[in-house]
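The values are calculated or read from the model by the stated rules, or taken from the named source; none is laboratory data. What you see is a predicted model, and the numbers here were worked out from it, not measured in a lab. Neighbour counts are summed over all protein chains in view; Cβ atoms, including those assigned to glycine, are modelled from backbone coordinates with ideal geometry. In case anyone asks, the SASA skips ligands and DNA or RNA and just uses the protein heavy atoms, side chains included. Shrake-Rupley method; radii C 1.70, N 1.55, O 1.52, S 1.80 Å.
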Amino acid sequence: MSFKSLKLTASIVAAMATLAAAPAHAGKTLDAIKARGQLVCGVNVGLAGFSAADSSGAWTGMDVDYCKAVAAAVLGDAGKVKWVPLTAQQRFTALQSGEVDVLSRNTTNTLSRDASLGLNFVGVNYYDGQGFMVNKGKITSAKQLKGATVCVQSGTTTEKNLTDFSRANGLNIKAVVFEKLEASTGAYFSGRCQAYTTDASGLASIRAKEAKDPTAHVILPDLISKEPLGPMVRRGDDEFFAISKWVLNGLIEAEEYGITQANVDEMKKSTDPQVGRMLGATEDLGKHLGLDKEWLARSIKAVGNYGEVFERNAGPKTALNLPRGKNAQWNKGGLMYAAPLR
């Protein structure tokens, strides 16, 4: 190799090292969020435990808490969120068009959605599966729904899964399809359908919120699909995608390391190198995201770690009464496994 080539190679290596060490630029989405002083978050029109507004207009739920955590990380205030309720049919267009910055609305990650919509899934904030709800009685298994009428919402993976399940098992299920959630659940509770189908978490939410007597309805044990649910952002802004992804990872990892909403300030004094790194006490991970070093500490202080978010909104002490199950930490028999914050 010539001396000139060696000089050129050395220059390239030096330039790459400089780029690697340089703080990330936050990207156009975060620039727009900061300019308006508000994160715009697309949520479900009303799904208890995930995203629902109370009589005073205050939004709560697991998907709501995710957006609050992002707002805390990037704006320093979890209250700086504009909530945009979206139906299943509206949700992707709203994100694609820029009407919302983040879609945090019980949405399943599938190949076709990931590859064809111009959107990126941030990660999984709830592992679910499609189930069935029926009136308490003789039906104890989904395989007994032969020839039954089943209410389902259009524009969802649920509708396709129902068709696949019916064909695969020769059940000749008659789907009764509605565009809006309220119409589909109303039809079921009025007796128009023998069963209602959606994600199992959604069935628990609908039963708790809409049934006159929740004990009169049974969620069958059968799960007929995998439904990894999670937030989405637009493609083309890698910086904001990274922020959105690492906020979710951070909340999950915070639970693993015992960092809670109540102890986050005290934990900054921890001698555990990973805890110090995550909370900005010993290292500045925020510079890689175009944020300051306390971005994750603010998110945790705003909503708590992933386990706290789950328990507060959907856990056994709530009306949904959902077990952690697959949503437990990886070292406790579940699937929640955060990529390392380092």
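The figures follow:
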item: In the stretch 153-163, residue nearest to the chain's Cα centre (by Cα) [restricted to those that are touching a residue at least 24 places away in the same chain (Cβ under 8 Å) and open to solvent by 30 Å² or more (accessible area, probe 1.4 Å)]; result: 155
item: Residue list for the stretch 223-239, restricted to those being over 16 Å from residue 325 (Cβ atoms) and not β-branched (Val, Ile, Thr); result: 230, 231, 232, 234, 235, 236, 237, 238, 239
item: Test: residue in the stretch 18-30 that is on the phi > 0 side of the Ramachandran plot, at pLDDT 95 or above and touching a helix residue (DSSP H, G or I) at 6+ places or on another chain (Cβ under 7 Å); result: no
item: Number of positions in the stretch 180-198 that are open to solvent by 10 Å² or more (accessible area, probe 1.4 Å) and closer than 15 Å to residue 130 by Cα; result: 1
item: Lone unmet requirement of (1) assigned to a helix (DSSP H, G or I); (2) open to solvent by 20 Å² or more (accessible area, probe 1.4 Å); (3) without any contact (Cβ under 8 Å) to a residue 24 or more places away in the chain for residue 293; result: (1)
item: Residue count, the stretch 189-206 (criterion: aromatic (Phe, Trp, Tyr) and farther than 18 Å from residue 141 by Cα); result: 1
item: Looking only at the stretch 116-138, and only at residues there that are open to solvent by 50 Å² or more (accessible area, probe 1.4 Å) and at pLDDT 95 or above, the one that is nearest to residue 334 (Cα to Cα); result: 127
item: The stretch 269-284, subset outside any helix (DSSP H, G or I) and open to solvent by less than 10 Å² (accessible area, probe 1.4 Å), residue nearest to residue 296 (Cα to Cα); result: 279
item: Elements of type strands (runs of 3 or more DSSP E) in the stretch 83-136, at least 1 residues being more than 27 Å from residue 38 (Cα to Cα) and out of contact with any Gly (no Cβ under 7 Å at 6 or more places or on another chain); result: 126-128, 130-135
item: Single condition residue 50 does not satisfy, out of (1) buried (at least 24 other Cβ atoms within 10 Å of the Cβ); (2) of a type outside the set (D, E, K, R); (3) within 12 Å of residue 84 (Cβ to Cβ); result: (3)
item: Residues located in the stretch 231-268, provided they are of a type in the set (Val, Ile, Thr) and in a helix (DSSP H, G or I); result: 243, 247, 252, 264
item: Unmet requirement for residue 215, which otherwise passes all of (1) touching a helix residue (DSSP H, G or I) at 6+ places or on another chain (Cβ under 8 Å); (2) in contact (Cβ under 8 Å) with a residue 24 or more places away in the chain; (3) over 23 Å from residue 66 (Cβ atoms); result: (1)
item: The one condition in (1) open to solvent by 40 Å² or more (accessible area, probe 1.4 Å); (2) among the basic types (Lys, Arg); (3) within 30 Å of residue 325 (Cβ to Cβ) that residue 113 fails to fulfil; result: (1)
item: Strands (runs of 3 or more DSSP E) fully within the stretch 137-224 counting 2 or more residues that are over 29 Å from residue 315 (Cα atoms); result: 174-178
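A quick yes/no check of all residues on (1) open to solvent by 20 Å² or more (accessible area, probe 1.4 Å); (2) among the charged types (D, E, K, R):
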| residue | (1), (2) |
| --- | --- |
| 250 | no, no |
| 267 | yes, no |
| 305 | no, no |
| 308 | yes, yes |
| 321 | yes, no |
| 329 | no, no |
